[in-house]
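Remarks on the structure that follows.
The values are calculated or read from the model by the stated rules, or taken from the named source; none is laboratory data. Please read all numbers here as calculations on a predicted model, not as lab measurements. Ideal geometry is used to build each Cβ from the backbone, glycine not excepted, and the neighbour counts take in all protein chains shown.
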Amino acid sequence: MNPEDIRHLLSRCCFRWGTMPLSDIREPFRLMDDSFIEGETGNPVLSRFLSAYPTVLGNSAPRFKLMTLIASFFHSKAYSRVPPDDAAVKLNFLIRKGFGNSLREEIARENLPLLHTNPLTAMIAESAGHSLSYCLIPGADAPRIWAPASAGRSRLCYFVTCARVVGQLKSYGIPDERIFFTGLPYPRRVLGSEALETLKQDLGQRLHYLDPKERFWPVHGRNVKFFITEEYAHFRKERTLTLSFIIRSSDMSVQTALSAIRSLAGRLSSGQLRVVVAAGDDHAAAERFREGCRNSGLCAEGMPMGTVLLFDPDFAVFFERFSDLLRETDILWAPSNELAFAGGLGIPWILMPARTSQETENRNWLIETQLGFPQEDPEFTDEWLTSLRENGDLAEAAWGGFLKERKFGLYKIEEILRTGTMIRESSPLRR
């Protein structure tokens, strides 16, 4: 396997959707993502290791081998001590043999807090004895590789988005005082200040767009006005109902979006609905969608009526535009990646089929907590999506996500970086 293949494999571990808002943190820190291990991808120890363990790594295509190494499923004995699994043992072997030496030298140059979005950089920093390391785990499952072998003596602290991950980390030996249930850090532009005025304003409008038959408001209206105030709960009718897709070139999401748009063509042409298709910086996905629109007869050129493609080759620029889109999104149809924990924004999910074990865990969690709905046949989207909306199910999911999920992740992470701890809140508006 050549260094470029290994670099691509390692980059698969970076949580791009879930960690872009970290640029909003106003406390000094250093983000340790996959870019810091790219210098190690030519390491001969790693190359020999990947070649020497074909049975451990699996016989699939090379780009999925390291994901097989890193992934592990949720252990059923949630609160008993779980020893290091094979992936954790192999990673420890790599580090002892010199993997990560350049990163250790980089860490030693300055004593800033390190915020890890990748288990590899976290374990390398741990081996270097760095005392200010924080791991962000934006998912419903924390593989054993996130914790060192001697977890009880480790210096690593953890920011988690799901109560289930808290239990997993405890089972690995991580003590309570080093686990912070912060929730996902949302972009500041969708939250507003710590009063959450932007989020409350957008949620108040969304709940009206999701309840055309008045099934939700008669039951929950008083609670909505109590939590977000009557001012934000007043319906202003300033925009159109918006359905947003997230597509990628590596699965069936493009075809799903095309089929759904075909089913919704009547509502799009009449102005009852707007569809936004977000392709990130994935040029192949954007081109596949454009070509699909032409080949399926949805339009001769440009985009189908009522449809917008959101794409930018610079992911940071795209994410700013996507953050603005989230404010107007009423329904999000997407894979269950780490963005699944955006339920705290009060956006209901239509869940595409899972592609990885991590997405499977996130998808199951969203369904169990009634924040997401498995997609039905995209060819009949108009029928089943309209039913979910008119029955008030989507509004119920949006309101449940806002109340149950943590929204203060950004501010809590800032608090921890500033003070070393955080105040545990009981109010749903301060968590």
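Only one of the listed residues (268, 326, 258) is within 22 Å of residue 407 (Cα to Cα), part of a helix (DSSP H, G or I) and in the same structural domain as residue 378 (by TED's automatic domain parsing). That residue is 326. Restricting attention to segment 386-415, the residues that are surrounded by 17 or more Cβ atoms within 10 Å (Cβ to Cβ), in the same structural domain as residue 219 (by TED's automatic domain parsing) and of a type in the set (Val, Ile, Thr) add up to 0.
For (1) assigned to a helix (DSSP H, G or I); (2) in contact with a strand residue (DSSP E or B) (Cβ under 6 Å, 6 or more places away or on another chain); (3) crowded, with 16+ Cβ neighbours inside 10 Å, each residue gets a yes or a no:
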{"residue": "158", "(1), (2), (3)": "no, yes, yes"}
{"residue": "169", "(1), (2), (3)": "yes, yes, yes"}
{"residue": "190", "(1), (2), (3)": "yes, no, yes"}
{"residue": "198", "(1), (2), (3)": "yes, no, yes"}
{"residue": "205", "(1), (2), (3)": "yes, no, yes"}
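In this structure, residue 345 does not qualify as at pLDDT 90 or above, under 16 Å from residue 188 (Cα atoms), of a type in the set (A, V, I, L, M) and surrounded by fewer than 22 Cβ atoms within 10 Å (Cβ to Cβ). A count restricted to segment 108-152 and to residues that are free of Cβ contacts under 8 Å to residues at least 60 places away in the same chain and over 23 Å from residue 98 (Cβ atoms) stands at 6. Residues in segment 113-128 that are among the polar types (S, T, N, Q) and surrounded by 22 or more Cβ atoms within 10 Å (Cβ to Cβ) were compared, and the one that is farthest from residue 94 (Cα to Cα) is 117.
So how many residues does segment 219-262 have that are among the polar types (S, T, N, Q) and buried (at least 19 other Cβ atoms within 10 Å of the Cβ)? Number satisfying all stated conditions: 4. Residues of segment 120-137 that are over 17 Å from residue 422 (Cβ atoms) and in a loop (DSSP other than H, G, I, E, B): 128, 129, 130, 131. Beta carbons closer than 7 Å, at least 6 apart along the sequence or on distinct chains, pair a first residue in segment 418-431 that is in a helix (DSSP H, G or I) with a second that is at pLDDT below 85 for 418/27. Determine whether residue 355 is within 22 Å of residue 264 (Cβ to Cβ), of a type in the set (Lys, Arg) and in the same structural domain as residue 400 (by TED's automatic domain parsing). It is false that residue 355 is within 22 Å of residue 264 (Cβ to Cβ), of a type in the set (Lys, Arg) and in the same structural domain as residue 400 (by TED's automatic domain parsing). Among the residues of segment 379-398, none qualifies, meaning not one is of a type in the set (A, V, I, L, M) and not in a helix (DSSP H, G or I).
For segment 198-209, check the following and say yes or no: at least one residue is under 21 Å from residue 426 (Cβ atoms) and free of Cβ contacts under 8 Å to residues at least 24 places away in the same chain. No, because not a single residue in segment 198-209 is under 21 Å from residue 426 (Cβ atoms) and free of Cβ contacts under 8 Å to residues at least 24 places away in the same chain.
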